[in-house]
Amino acid sequence: MLETQRSGAAAIDAGFKIRGLRWWIIGLIFLATVINYIDRQTIAILSTVIRADLHLSNEQYAFINAWFLLAYTLSQSLSGKLYDRIGTRQGFSLSIIVWSLAAMLTSFARGIQSLSFFRFLLGAGEAGNWPGAAKVSAEWFPIRERALALAIFNSGATIGAVLSPPLIVWLNFAYGWHATFLITGTLGFVWLALWLFFYQTPRQHRWLAREEHAYIRAGQTASAAAGVVEDEIKAPSVEEIAKSAAPSESEEESAPKWRELLRYRQVWAIVLMRFLTDPIWWLFVIWLPEYLQKARGFSLKEVGSFAWLPYLTAGVGSLLGGWASGYLISRGWTVNRARKTVMALAALLMPAGILAVRAADPMVALALICVVTFAFQVWINNVQVLPSDFFPGKAVASVAGLGGTGAGLSSLIFTLTTGWVVDHFSYTPIFTAAGLFGPLGAIVLFTLAGPIRRVSYGQRREAAI
């Protein structure tokens, strides 16, 4: 252990340093998330083209996306466990190789079976991005900065979704849908080269200044006494920074088993809350281009011109949600009060989708959808930091993965339901149900999780169900 600490200290002391390196690190995760969403959105944006070429119905299109969500659901927990075991550098490398290959292979799809298989493979790879990002945030950021760090990474999803419609529509008109998948799939391998060159953990990174390393460590541990985070989190003092040379909890503890984590009501709160609310986002990721074309009369070119707007407002919501809770904490609010206030406001805005589906003017409907995506990203950005609010570093990716599994399971069910309901009725029941999920998720989270603070790992019975 002593030699490991010395080698880590030597890596930090030696050579060239980058000021504010932690922000460059989260910038890399942001870029991976942009690519993740470009690869994910390609089939949604070109759905009418692909469905016409391969002769697919709404239910068959839903079935194909269900395979993606099934893999995504299973891989969330598995990826979280894998990241906690092998680390973020290797974990992210594996995830992006799998999903980039899957995106490229989609160009060879010739029917529902091959398309379903390639989407399944894409879901298996893409799922690792979210528990991996939560773990990177826990490793590289003090507690009060984590929501903003996750907001930056999470805005990659919205930026990717903003870029996707015009980019993919242009590539389709220029080269056809088969070549479009090949081109977008290569982006991940460009990112992988940057990742392998640039990324290491804080203890090993040769470009991390000692002062920044001490600041990160102090902000992760200064507010923890005997494993419990106090209600109020403050900036670390000089003395706390000086003490930060000791190994952090994320470096010393081993990854917990799933059955151990499932004893905590906080884990169940995260899983159930994401089960209820994540289908809201997936409704628009998978069905928005279809809805705009089939229910609102948009052409493919108009989809390219306007379908990015809900994701632009989502990006604003992501950054605002992360900044807002961090700002309130810096102003003396408790973590519990700050997070819950921001999430409650977001939950109250998400029912705007109920009005959107009933609006007579297509642009009014689109504007109300923008309100929903804005509110959802404010919500989810604070949700994604909860695993690191509640649990130590070695459990963060596993808890985030379990939450992702709950999200994927409900999104899978909701996607299949959407295909059937739209074929037999309309989008109205779907938008109405999705509009109720936000408030329900907030009620479940606030009731079941209790105060947002670090659980007592040494006294598990206090936090267990």
*From the options GLY393, GLY332, residue that is at pLDDT below 85, small (Gly, Ala, Ser) and over 30 Å from THR432 (Cβ atoms)*: GLY393
*When you look at ALA179, is it more than 26 Å from GLU126 (Cβ to Cβ), hydrophobic (A, V, I, L, M, F, W, C) and surrounded by fewer than 18 Cβ atoms within 10 Å (Cβ to Cβ), yes or no?*
no
*Taking region 48-60 on its own, how many of its residues are modelled with pLDDT under 85 and either assigned to a helix (DSSP H, G or I) or touching a Pro at 6+ places or on another chain (Cβ under 7 Å) (or both)?*
3
_Any chance ALA344 is more than 30 Å from SER57 (Cα to Cα) and in a helix (DSSP H, G or I)_ = yes
*So, of the residues in region 105-141 that are modelled with pLDDT under 85 and not small (Gly, Ala, Ser), which turns out to be nearest to the chain's Cα centre (by Cα)?*
TRP130
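Give me a count of the residues in region 153-177 that are under 18 Å from the mean Cα position of the chain (by Cα) and modelled with pLDDT of 85 or more.
Going residue by residue through region 153-177, those that are under 18 Å from the mean Cα position of the chain (by Cα) are 153-164.
With the extra rule that they be modelled with pLDDT of 85 or more, the set shrinks to 156, 159-160, 163-164.
Final tally of qualifying residues: 5.
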*Quick check, is THR405 among the hydroxyl-bearing types (Ser, Thr, Tyr) and either closer than 24 Å to LEU262 by Cβ or in contact with a Lys or Arg (Cβ under 9 Å, 6 or more places away or on another chain) (or both)?*
yes
*THR201 passes all but one of (1) under 30 Å from TYR327 (Cβ atoms); (2) touching an Asp or Glu at 6+ places or on another chain (Cβ under 8 Å); (3) among the polar types (S, T, N, Q); (4) assigned to a helix (DSSP H, G or I); which number fails?*
(4)
*Condition test on LEU345, is it within 30 Å of SER299 (Cα to Cα), aliphatic (A, V, I, L, M), out of contact with any Lys or Arg (no Cβ under 7 Å at 6 or more places or on another chain) and surrounded by fewer than 24 Cβ atoms within 10 Å (Cβ to Cβ)?*
no
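The values are calculated or read from the model by the stated rules, or taken from the named source; none is laboratory data. Nothing here was measured: the structure is a model prediction, and the numbers come from that model. Using ideal geometry, Cβ is built from the backbone for each residue, glycine included, and neighbour counts are taken over all protein chains shown.
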